[in-house]
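First up is the structure itself, then whatever we jot down about it.
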Amino acid sequence: MSNTAKINEYILSNKQRFLDELINLLKIPSISADSKYNKETYQTAEEVKKRLVEAGADNVEICETKGHPVVYGEKIIDVNLPTVLIYGHYDVQPPDPLDLWTSPPFEPVIKKTENHPEGAIFARGACDDKGQMYMHVKAFEVMMKTNTLSCNVKFMIEGEEEIGSENLETYIKENKEKLKADVIVISDTGIIANDIPSITVGLRGLSYMEVEVTGPNRDLHSGLYGGAVGNPINILCEMIAKLKDDKNKITIPGFYDKVEIISQEERAEMAKAPFSLEAYKKSIGLTDIDGEEGYTTNERNSIRPTLDVNGIWGGYTGEGAKTVLPSKAYAKISMRLVPHQDSDEISDLFTEYFKSIAPSSVSVKVTPHHGGTPYVTPIDFSGYLAAKNAMEATFGKAPIPVRSGGSIPIVALFEQVLGLKSVLMGFGLDSDAIHSPNEHYGVFNYFKGIETIPLFFEQFAKLQK
Ligand code: BES
Ligand code: MN
Ligand code: MN
């Protein structure tokens, strides 16, 4: 029997258990952002550790950090073979708004959807990233049990991706020797569709800012003072409106200076990826789209930088009406960055400009949150080629390279600190609602991943020779 046949037979006969184990993992609310869930987040790390041990990994440990721990494990079968480092995260986004979930976020159920006629598991973290991370644990089990493991493997599963991976940065700096490998493989991105495989070759960077605009020293009666005193909320809105012009270009001086210019040929190549604007609009309930002039929708959300308000608050938002002129207004503003923009530099440019456009009737405080460097992978290195060959075999068509709009800030640091390139072999769909209510992950996608990963190992070992 061929290796592939052995592997597929093992997967088939363990299908239900593979699903049940993921469902159990999804029941634990590992919300890294919310300290109320610290115990559950730790418990999730312990569950991952237990599963790695069961699958046959050695030296499995929970590595404490200043925040949520990293789970490490490895299987070194032969020091002369190449080593694949698997990265993933066991933490999840907060599930709110809860009332928009059709079933509770931590009570996983399988339901059919338009894009997932075979069913999808609905739960927070199903796709991002527990479901995708766990494919690697199961693929490893499959390779161990069928005696087909062809590379050494190391696992590094963290618990702080959704809050910026700041402690993981320290961890990788302190563990360079232990993390030595030839390539990093990450399943935390997506494919175009279940019949249109793709591999992510770019991630955007990030600068995330919080702003506070202060006017009068206390909330005022909006009748007695209104019209004579600058209203911080009105002023904040005007300032935000000034951050983009009528062509949707960001107005911060110097913002575009370092933006990578992509050639017409490369843009034409990218435009070949199948895309329906009508289906796109329909999927998010829009009658029209909006964005930077001169670029297509796919360019706007991949090769171009952005600026978006993520939240805005201040004044009275409770029931009924309260006539108040607020003392303060706040907003959280994110900028997605592209090569070769620098997150710290962009944060500084933002701060300087934002302060410069404030009228003298208010004072402004700007606080940067976490950032991240953009990342692009070449499509001619062994890691990419191994993923391409593996996916071509399991999907029956060659995957298309695409740049994604999302961010995984640690990936650029993997290259800087460990000198390792990452292969972004994800299996999610944009419609899987990550970070939104009703997040789900296709049963098809879960098993497609488990089937593809062993082929990646086989191909990578071959190409490294
Ligand atoms: N897995 C996502 C990123 C992603 C999803 C990239 C789909 C490409 C395609 C990751 O968990 C994530 O949500 N990242 C955050 C950044 C982080 C600093 C909070 C993001 O992109 O907002
Ligand atoms: Mn993720
Ligand atoms: Mn995420």
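The values are calculated or read from the model by the stated rules, or taken from the named source; none is laboratory data. Keep in mind it's a predicted model, so treat the numbers as computed, not measured. Cβ placement follows ideal geometry from the backbone for every residue including glycine, while neighbour counts extend to all protein chains displayed.
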Would you confirm, using the coordinates I've provided, whether PHE381 is in the same structural domain as THR189 (by TED's automatic domain parsing), touching a residue at least 40 places away in the same chain (Cβ under 8 Å) and closer than 27 Å to LEU22 by Cβ? no
Look through the range 138-190, keep the residues that are at pLDDT below 95 and of a type outside the set (Gly, Ala, Ser), and return whichever of them is surrounded by the most Cβ atoms within 10 Å (Cβ to Cβ). ILE163
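Name the one entry in LEU420, LEU349 that is in a loop (DSSP other than H, G, I, E, B) and either among the charged types (D, E, K, R) or more than 13 Å from ligand 1 (Cβ to nearest atom) (or both). Please lay out each step first, then the result.
Values: LEU349 fails: in a loop (DSSP other than H, G, I, E, B).
Of the residues listed, the single one that is in a loop (DSSP other than H, G, I, E, B) and either among the charged types (D, E, K, R) or more than 13 Å from ligand 1 (Cβ to nearest atom) (or both) is LEU420.
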The range 291-307, residues that are of a type in the set (D, E, K, R) and within 20 Å of the chain's Cα centre (by Cα): GLU299, ARG300, ARG304
Just to verify a result, which residue in the range 135-188, among those that are within 16 Å of ligand 3 (Cβ to nearest atom) and in a strand (DSSP E or B), is nearest to ARG17 (Cα to Cα)? ILE157
Being away from ligand 1 (no atom under 16 Å from the Cβ), of a type in the set (S, T, N, Q) and assigned by TED's automatic domain parsing to the domain that holds PRO69, is that true of even one residue in the range 106-126? yes
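Just to be sure before I move on: is ALA393 outside any loop (DSSP other than H, G, I, E, B) and surrounded by 21 or more Cβ atoms within 10 Å (Cβ to Cβ) in the structure I sent?
Details: outside any loop (DSSP other than H, G, I, E, B): yes; surrounded by 21 or more Cβ atoms within 10 Å (Cβ to Cβ): no.
So ALA393 does not fit the description; no.
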